[in-house]
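The values are calculated or read from the model by the stated rules, or taken from the named source; none is laboratory data. Note that the structure is predicted; figures quoted are calculated from it, not measured. Reconstructed Cβ throughout: ideal geometry from the backbone, glycine too, with neighbour counts over all protein chains shown.
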């Protein structure tokens, strides 16, 4: 069955085409270090504004560049990753028999995929 994780909104099949069960684990949240209105912030990628300044290197030269002007070849500094709030991890905690049907973290659950 195709399902959607309510924690990270990822969509996946709970059983793969070869019949093997898939155990989903939410990815961490990718934070980008920005300067917004003179304040240093760490914000999720989807909340970066086009006018936020990003610190990095372009062709070996240090620079602060607006997010809208970043090139794929730019090396950005200050990114970090944090565990997603209410993360879901369907992997089993151990190979012990009592853990066979337990999961590490249920998160916000799943629903049938749209």
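Rundown of residues vs (1) at pLDDT 95 or above; (2) in contact with a strand residue (DSSP E or B) (Cβ under 8 Å, 6 or more places away or on another chain), yes/no style:
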{"position": "17", "(1), (2)": "no, no"}
{"position": "20", "(1), (2)": "no, no"}
{"position": "29", "(1), (2)": "yes, yes"}
{"position": "35", "(1), (2)": "yes, yes"}
{"position": "42", "(1), (2)": "yes, yes"}
{"position": "47", "(1), (2)": "yes, no"}
{"position": "51", "(1), (2)": "yes, yes"}
{"position": "54", "(1), (2)": "yes, yes"}
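Which is in the same structural domain as residue 68 (by TED's automatic domain parsing) and farther than 23 Å from residue 72 by Cβ, of 14, 40?
So the residue among 14, 40 that is in the same structural domain as residue 68 (by TED's automatic domain parsing) and farther than 23 Å from residue 72 by Cβ is 40.
Only one of 41, 9 is assigned to a loop (DSSP other than H, G, I, E, B) and either surrounded by 12 or more Cβ atoms within 10 Å (Cβ to Cβ) or free of Cβ contacts under 8 Å to residues at least 24 places away in the same chain (or both). Can you tell me which?
Of 41, 9, the one residue that is assigned to a loop (DSSP other than H, G, I, E, B) and either surrounded by 12 or more Cβ atoms within 10 Å (Cβ to Cβ) or free of Cβ contacts under 8 Å to residues at least 24 places away in the same chain (or both) is 9.
Which members of segment 65-97 meet the condition of being assigned to a loop (DSSP other than H, G, I, E, B), over 19 Å from the mean Cα position of the chain (by Cα) and not assigned by TED's automatic domain parsing to the domain that holds residue 44?
Selection gives 92, 93, 94, 95, 96.
In segment 98-114, how many are assigned to a loop (DSSP other than H, G, I, E, B) and in contact with a strand residue (DSSP E or B) (Cβ under 9 Å, 6 or more places away or on another chain)?
Here the count works out to 8.
Name the single residue that is surrounded by the fewest Cβ atoms within 10 Å (Cβ to Cβ) among those in segment 62-103 being in contact (Cβ under 8 Å) with a residue 60 or more places away in the chain and farther than 30 Å from residue 51 by Cα.
Looking at the filtered set, the residue picked out is 91.
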